[in-house]
1. Which condition breaks for A:ASN97 when tested against (1) in contact with a Ser or Thr (Cβ under 9 Å, 6 or more places away or on another chain); (2) more than 16 Å from DNA strand C (Cβ to nearest atom); (3) farther than 23 Å from A:PHE7 by Cβ?
2. Just one of A:ALA57, A:ALA39 is within 20 Å of A:GLU86 (Cα to Cα) and surrounded by 14 or more Cβ atoms within 10 Å (Cβ to Cβ); which is it?
3. Under the condition of being of a type in the set (A, V, I, L, M, F, W, C) and more than 6 Å from DNA strand B (Cβ to nearest atom), which residue from region A:38-59 is farthest from A:GLU99 (Cα to Cα)?
4. Out of all the residues in region A:74-113, which are farther than 16 Å from A:ILE18 by Cβ and either in contact (Cβ under 8 Å) with a residue 40 or more places away in the chain or of a type in the set (A, V, I, L, M, F, W, C) (or both)?
5. Inspect region A:27-38 for any residue being in contact with a Lys or Arg (Cβ under 7 Å, 6 or more places away or on another chain) and of a type in the set (D, E, K, R) and give the result as yes or no.
6. Tell me whether region A:94-109 contains one or more residues that are within 19 Å of A:TYR12 (Cβ to Cβ) and at pLDDT below 90.
Amino acid sequence: MSDNSGFFERVYEVCRKIPEGRVTSYGAIAKYLGAAKSARMVGWAMNSSHNLEDVPAHRVVNRNGVLTGKHHFGGSNAMQQLLEEEGVQVKELQVLNLEKHFWDPMKELSREN
DNA sequence: ACTGTGACGAGGG
DNA sequence: GCCCTCGCCACAG
């Protein structure tokens, strides 16, 4: 834990901080890590975190609010299912009321919390 | 050491 | 307003 030796570990940590019923974008996480241009790396990091149950990758969607990574969740709509179970409305792999469910790490983690 | 990749994002046509 | 292209940067082979 806290093995911030690599960029990936950073992503994992932020993902774990995502509260239930909330979603964030790869770009938001990347920006929080100081690498806004490495949004792609965030998603890729999730690929490695795929084995880690501590990382709720299903709460991470793209800027469009689309469950882009659902394809990596086992090929089923497990990702959408999980989000709906948490109270996030999802329609056709797209999160409804994204702004309402959006969770900004920079904003939320920036505060005292 | 080098190249390719990749669950994105922003910009341009 | 939608579709396409480019950029980007850390990690794996």
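The values are calculated or read from the model by the stated rules, or taken from the named source; none is laboratory data. Please read all numbers here as calculations on a predicted model, not as lab measurements. Cβ coordinates were reconstructed from backbone atoms using ideal geometry, including for glycine residues, and neighbour counts include every protein chain displayed.
1. Among (1) in contact with a Ser or Thr (Cβ under 9 Å, 6 or more places away or on another chain); (2) more than 16 Å from DNA strand C (Cβ to nearest atom); (3) farther than 23 Å from A:PHE7 by Cβ, A:ASN97 violates only (1).
2. Being within 20 Å of A:GLU86 (Cα to Cα) and surrounded by 14 or more Cβ atoms within 10 Å (Cβ to Cβ) holds for just one of A:ALA57, A:ALA39, which is A:ALA57.
3. Filtering region A:38-59 for residues of a type in the set (A, V, I, L, M, F, W, C) gives A:39, A:41-42, A:44-46, A:52, A:55, A:57.
After this cut, where a residue has to be more than 6 Å from DNA strand B (Cβ to nearest atom) as well, the list is A:42, A:45, A:52, A:55.
Numbers: A:VAL42: 20, A:ALA45: 24, A:LEU52: 27, A:VAL55: 22 Å.
Of everything passing the filter in region A:38-59, A:LEU52 is farthest from A:GLU99 (Cα to Cα).
4. Within region A:74-113, A:ALA78, A:LEU93, A:LEU96 qualify.
5. no
6. Yes, region A:94-109 contains a residue that is within 19 Å of A:TYR12 (Cβ to Cβ) and at pLDDT below 90.
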